[in-house]
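To start, the structure itself, in C-alpha cells.
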Amino acid sequence: MYIKQEIILLSHRQGKSQRSISHELQINRKTVRKCIEEYENLQKGSVKPETVLPTYLSSPPVFNVGTRSKVRLTEEIQTVIDTVLEQNDTKIQQGMRKQILKKIDILQLLHDQGLEIGYTTVCNYICEKRGKSVAVKEAFIRQQYQPGSSCEFDWGEIKLNIDGLVSRFQLAVFTSSYSNYRYAVIFKRQDTLAFMESHVSFFEHIGGVYHQMVYDNMRVAIAKFVGKHEKEPTQALLQMKGHYQFSHRFCNAYSGNEKGHVERSVEYIRRKAFGFKSDFVNMEEADKYLETVISRINQVKQQLTDRTAIEMFADEKKLLWQYKEPLACSDSVQLRVDKYATISYCTNRYSVSDKLVGCFVDVKVFSNTLEAYNQNKLVASHQRDYGKHQWIISIEHYLNTLRQKPGALNGSVALTCSPYLKKLYLQYYTNSPRDFIDLLHYCCQNKISAENLETTVLRLVEHRSQSITTEKLTALLGNKPKEVVKQVAVDNQTVYMAREQLKQVTALMN
C-alpha cells in the first residue's frame, strides 16, 4: 500500500513520468503502469471523482491468485500424500483404524524425505482430496500439576505383524501429569498380571513411585461399583498400593478428559510408533523399537514450556517416593502332570520332565512366562501361549522315554516343536533315531544350545564330510580350549616336604 501511494502521488501531484518513478522507487515499470491505470479507470467510472483518490490509496492491493500454480505442493509431494492416504484406507479395512497416520504424521514423513511444505498446505490438500471441511474443535481448560504428584495409566490396543502373523496386543501406557514423561510396555492380554507387571516395570524404570495413580473404569482396577459413584478397587490394585504406598483416583464414567494426558499419550505413541512400522520378526524387536520411539518422544520440547519431558521429569524425580524392592507379581497354581508329561493351564499344555508323570508340580504364572517347580526346584520354564489347545513342548523333557521308545521320535510333537531339530533329523538321522537321541542327550547334559549345534553341523558340511554322525558332532562340540595350568611356587613348605618324601620313597625302592 505504501508503494502504491507513492506511485500515485508522484504521478498526479508531481507529474513525474513512469520511467522516473520506476527509477526513483526501484520497482518494475510494469508495476508503476498497472497502478496508474487502475487509478485512472476508477476515476473515469466514478460519479464522485474527488473520492476516488482517498479510497484507492487506503485500500490494499488485490492479486489474482486463482490460476496461480502451487509452488510447494508439487506432484512429488501429492504422490507421497496420496500413497499414505491409500495405506490408511488399507489399515482401516484390516481393522487398524487407530494406527493410521494423521495429517501431522504425514507432514513429518514429508520432512523426513527432505520435502519442504507447510502443515496448512498438507491439511488443505487432504481436506480437498477427501471432500471434508475443517471441523470446529472442542475447547479444554488447562490444568496445573505439582512435580511428582500424579501419574495417569491407560490401555491401548494395537495390531502387530509378528513373523507374518497379525495379532492383537495391549499397550500399557504411563504419563506424568506434570512433565508429560511417557512410558509404555507391550502385553499380549489386558489381564491382572499384565496390569501389575506394567506398574512394576514402570516404577523400576523411573526409580521411584508417584504420589497418586489415576485410572479410568477398567476391569483390572475396579472390582465392582458400590452405589452411584463409589468404586471398589481390585485385590491387585490394593496389593500394589500396600507395597508401593501410593494413593489412587478413579475418573468418572465417560470422562476421559479427567486423565487427558494419558488419553492423548496412548493415541500419540500408537501413531508415532506403530503407525509407521507394524511388522517385526519377533516381540523382542518390537519391544526395542517401542523403547527407541518413546525415548525420542520424551526428548521433544513440550508446548508452552520450551523444555523436553526428560528435563521436566528431572525436576520431579527427586520428589518421588522410594520403595525397598519390586513387587513379586505372579499367579500360583498346583497342577498334576498327565501321561504325556504335560501340565494343562488355560486349555494349553506345557511339558515337564517325563520323570514327573502323575506327580503334582507348583506352577508360577507370569504375563509372558510359566515356570514349574517340584520340591522347590525349577523343572520347566516356557513362554506363555495365549492361544487355545496348544502344545508347548521341549524335547529334552522326553529323552529318557525316547531312549526306551526310539520309534516314537519320528511322529512326535516334541520333534515338531523344534523346526531345526526336525530338519536335522530328516536330513541325517531318519534311519538311526537312537543316534539322534544320544546327540540330544549329550547336548542336554552339556548345555549346548541349538545355535551352537547348528554352527557345528555347518562346519562339517563346509568341510564336505561324507556323513554327519553323532560321534563327529560330539567330538567337535567337546573340543574346548586348553586351560592354562598355573605354576606352583617352589618355595612352598608343602612342596618341600613332598619332595623329601619322594626322595625317601625313591631310596627305599632302590
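Quick one: would you say Arg182 is surrounded by fewer than 22 Cβ atoms within 10 Å (Cβ to Cβ), farther than 15 Å from Cys329 by Cα and either over 21 Å from the mean Cα position of the chain (by Cα) or charged (D, E, K, R) (or both)?
The answer is no for Arg182.
Could you check, for the stretch 40-54, whether at least one of its residues is closer than 15 Å to Glu6 by Cβ and modelled with pLDDT under 75?
Residues of the stretch 40-54 closer than 15 Å to Glu6 by Cβ: 53.
Subset that is modelled with pLDDT under 75: 53.
Yes, the stretch 40-54 contains at least one residue that is closer than 15 Å to Glu6 by Cβ and modelled with pLDDT under 75.
Can you name every residue in the stretch 412-444 that is under 39 Å from the mean Cα position of the chain (by Cα), of a type in the set (Gly, Ala, Ser) and not in a helix (DSSP H, G or I)?
Ser412, Ser418
Quick grid of which residues meet (1) buried (at least 19 other Cβ atoms within 10 Å of the Cβ); (2) over 19 Å from Glu396 (Cβ atoms); (3) modelled with pLDDT of 90 or more:
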| site | (1), (2), (3) |
| --- | --- |
| Ser330 | no, yes, no |
| Ala341 | yes, no, yes |
| Ser344 | no, yes, yes |
| Thr347 | no, yes, yes |
| Ser351 | yes, no, yes |
| Val357 | no, no, yes |
| Asp362 | no, yes, yes |
| Val365 | no, yes, yes |
| Asn368 | no, yes, no |
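Is it the case that some residue within the stretch 244-251 is touching a helix residue (DSSP H, G or I) at 6+ places or on another chain (Cβ under 7 Å) and at pLDDT below 90?
yes
Only one of Tyr425, Tyr429 is under 22 Å from Leu409 (Cβ atoms) and free of Cβ contacts under 8 Å to residues at least 12 places away in the same chain. Can you tell me which?
Tyr429 is the lone residue from the list that is under 22 Å from Leu409 (Cβ atoms) and free of Cβ contacts under 8 Å to residues at least 12 places away in the same chain.
Can Tyr350 be described as touching a Lys or Arg at 6+ places or on another chain (Cβ under 9 Å), in contact (Cβ under 8 Å) with a residue 40 or more places away in the chain and not in a loop (DSSP other than H, G, I, E, B)?
Yes: the conditions hold for Tyr350.
Return the only residue of Asn410, Asn400 being modelled with pLDDT of 90 or more and assigned by TED's automatic domain parsing to the domain that holds Phe436.
Within the list Asn410, Asn400, the selection yields Asn400.
With the condition kept exactly as written, say whether any residue in the stretch 320-327 is in a loop (DSSP other than H, G, I, E, B), farther than 17 Å from Glu204 by Cα, modelled with pLDDT of 90 or more and of a type outside the set (D, E, K, R).
no
Exactly one condition in (1) modelled with pLDDT of 85 or more; (2) surrounded by 14 or more Cβ atoms within 10 Å (Cβ to Cβ); (3) part of a loop (DSSP other than H, G, I, E, B); (4) among the β-branched types (Val, Ile, Thr) is not met by Ile468; state its number.
Of everything listed in (1) modelled with pLDDT of 85 or more; (2) surrounded by 14 or more Cβ atoms within 10 Å (Cβ to Cβ); (3) part of a loop (DSSP other than H, G, I, E, B); (4) among the β-branched types (Val, Ile, Thr), Ile468 misses just condition (1).
Look at the stretch 97-118 and say how many of its residues are exposed (fewer than 14 other Cβ atoms within 10 Å of the Cβ), over 23 Å from Ile158 (Cβ atoms) and of a type outside the set (Gly, Ala, Ser).
Number of matching residues: 3.
The values are calculated or read from the model by the stated rules, or taken from the named source; none is laboratory data. Note that the coordinates shown come from a computational prediction; the quantities given were computed from them, not determined experimentally. When we count neighbours, we look across all protein chains shown, and the Cβ atoms used for this are built from the backbone with ideal geometry, even at glycine.
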